[in-house]
Amino acid sequence: MNDLLAEFLRGYTANNQWAIIMPEIMLAVLALGLLGAEMVLPKKSHGLIPRLALWGQLFVLVVAMTAGSYIGFESKSYFSGMIYQTDITQFMRGFFLVCSILVCYLGHIYLSKQQLPKTEFYHLVIIISAAMMLLVQSSNFVMLFVALETVTVAFYVLVAYCRSSSLSLEAGLKYLVMGALSSSILLFGIVLLYGVAGNPELAFNSQDALNFDELRNFIALNSDNLLVRVGALLVIAGICFKIGAVPFQIWVPDVYQGSPTPVTAYLAVASKAAGFIVLLQLVTGPFMGLQGLLVPVLSFVAAATILFGNFAAVTQRNVKRLMGLSGIAHAGYILVGVIAAMRGVAWAPYAVIFYLVTYLLASFAVFGVMTHLAGSDDANQELDDYENLARKRPFLGGILACGLGSLAGIPPLGGFIGKLFLFVAAFQAELFGLLGISVLGVVISIYYYFGWVRECYFGNASDEVIHDVKAPFNMSDRVLLGALVVGTVIIGIVPAALPIIP
Amino acid sequence: MTVGLNAFLLVSGLLFAIGLLGVILRKNTLVIYMSLELMLNAVNLALVAFSRYNGTMDGNLFVFFIITVAAAEVALGLAIIVALFRRRQSVMVDQLNALSR
């Protein structure tokens, strides 16, 4: 009997290759090590902990990049179908690591202005990074749910991190209620799919009904089943909550405003990117057979998202809410790319990734400037605070202008090329209506992004006493922000510098 | 007498709907919290019923993960609510609107 059991278990563990998730394991060890270091180190050397976090993550980045090359990566399934690695997931590992390194750096600046516990911030950021890497690699709904919840639960803490500010706590509560609601909706969808795909009375039922491959085969042959359709729609709705697409966008401006600025950046870039990659894998994987249903639904969502995000951002004066609302619009553009991928444009997923990279560089440039300029009252950063910034702090003003220009899609910058690729993909997929709406959205977005730039460069209060709070601004800050802008410009001029589009 | 799959699914759907309406309509954050738990438990019930009917164990296994995650969420949520109550002296949603302007 025991032999039988051992044999059975051995069948399951045959392709457990722990080496292939080495970067995630190393991140987990690093995160726990930080907590340990806080206990062990004497109080006056606690300044080492942020350095340990940063250099540790850089080390993991090097390991992750050297271990598996991105180009020509062979897709393969591991851990009895729990993990499926492709060139996209390989690339996203690096993407999330770069995000978490930047967030740790900005977090260091943010925490130096606040009276808050410090180590836990880095711990949670690293845990989220590891969980997001597993999230994009998961090819089983159990794996997907657990990784997604690890990300979300850690984000609840980070959003409410500034315990002394009731705005941060309120944002945390709102994110918590909305996040838990979206998880329940996602789960109900998963359960319906599981129930119907494993039903022994239906044709082509599967014994492993939570696996993406099995579901794909089942759904392709049962795409008319009502429960399949409802389940798939609920799953898509749950993901739409995470990426902030209309009609599930209500939480975005509030949560972005209330959370600490580095966390806002993390939510805006990494969390959204993870949501999109999961969406991409679902619609081109298990839900491939439901194209007839999902393409119209997602097209409608994308159009509404682009229009809502841009129109709501026009009148916004709080810069964090502005970034949130314009982030909704960016989610809409990326959704257009996802729909193009569903319609069979083979390189559309790579256009989405390219756009995410340009969005990362530009957003972190803007959020970096915001983190530098924010006072201890982090949630209320108004456009008026940026008046004459270029005259007071020319360097920061230049960085901000480049970042916003890239977000708006001005030609020599990376954002333009990113949008161009997405629009070409949409054109090839014959999504002309969506293309028109996207172009309209871009035109509107130029208006409000340049309202912000105008505030920096052409403020009218020239006789105002320039009360410049000289926040410490050292060489490494300059190098980091400069590198983000240089990256944006290089991608904009030589898109081939980023070898993503095959 | 055995109770059929449809009965379980009906109860589960009802619980889910009650939870969803509670989240949308109620004003007290603690009640919203209970409604969220109700939704998760509706999912659990459906999972167990499906698992039994389909004859696969994945559903039963998944329930444990959901329960664990729900426990983590509750612990965090109550901590945030308590911290917020200390600052605002209120747990009603309509008074927690400092951000929406």
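Just so you know, all these numbers are worked out from the coordinates, no wet-lab data involved. Just so it is clear, the model here is predicted, and its values are computed rather than measured. All Cβ positions, even for glycine, are placed from backbone atoms using ideal geometry, and neighbour counts span all protein chains on display.
Annotations for the structure displayed:
- Per residue, the convex hull spanned by the Cα atoms of segment B:5-90 amounts to 61 cubic angstrom.
- Structure note, pairs A:K113/A:K320; A:K272/B:K27; A:K392/A:K419; A:K44/A:K113; A:K113/A:K272; A:K320/B:K27: Cα-Cα distances above 21 angstrom occur for A:K272/B:K27; A:K392/A:K419; A:K113/A:K272; A:K320/B:K27.
- Axis of helix A:87-111 versus longest Cα principal axis of chain A: the two differ by about 40°, to the nearest ten degrees.
- FRET efficiency estimate (nearest 0.05) - Cβ-Cβ, A:E74 to B:F85, R0 45 angstrom: 0.25
- For the segment B:40-50, counting C-beta atoms of other chains within 10 Å of every residue's C-beta and taking the mean gives 4.
- Simple spin-label estimate for B:M57 and A:E201 in nanometres, 7 Å along Cα-Cβ: 2.7
- Computed from point charges on the beta carbon alone (+1 for Lys and Arg, -1 for Asp and Glu), the dipole magnitude for segment A:17-497 about its Cα centre is near 640 Debye.
- Protection proxy ranking of A:265-274, A:286-295, by the mean of other Cβ atoms within 10 Å over each peptide's residues and highest first, is A:265-274, A:286-295.
- Here the extension length gained between A:A19 and A:A220 equals 69.0 nm, from 0.36 nm per residue of separation less the Cα-Cα distance.
- Shielding of peptide B:15-24 by partners, expressed as the average count of other chain Cβ atoms within 10 Å per residue Cβ, is 2.
- Using C-alpha pairs under 8 Å with a sequence gap of at least 6, the mean separation divided by the residue count of segment A:1-112 gives a relative contact order of 29 percent.
- In segment A:28-117, the convex hull through the Cα atoms has an average projected area of 7.3 nm², a quarter of its surface area.
- Rg to Rh, two decimals, where segment A:319-471 supplies the alpha carbon set and Rh follows Kirkwood: 1.05
- As an equivalent ellipsoid, segment A:63-163 spans semi-axes of 29, 17, 8 angstrom, where each value is the square root of five times an eigenvalue of the C-alpha gyration tensor, largest first.
- Using θ = phi - 60° and Karplus 6.51 cos²θ - 1.76 cosθ + 1.60, couplings along segment A:179-184 (whole Hz; Gly, Pro as x): x, 5, 4, 5, 5, 5
- For peptides B:19-29, A:231-241, A:447-457, A:313-323, sequence by mean Cβ density within 10 Å, most packed first: A:231-241, A:313-323, A:447-457, B:19-29
- Computed log10 I(q)/I(0) for the protein assembly as shown at 0.05, 0.08 Å⁻¹: -0.21, -0.55, from the Debye equation with unit scatterers placed on every C-alpha and solvent omitted.
- Within 10 Å of the Cβ of each residue in B:73-82, the mean number of Cβ atoms contributed by other protein chains is 5.
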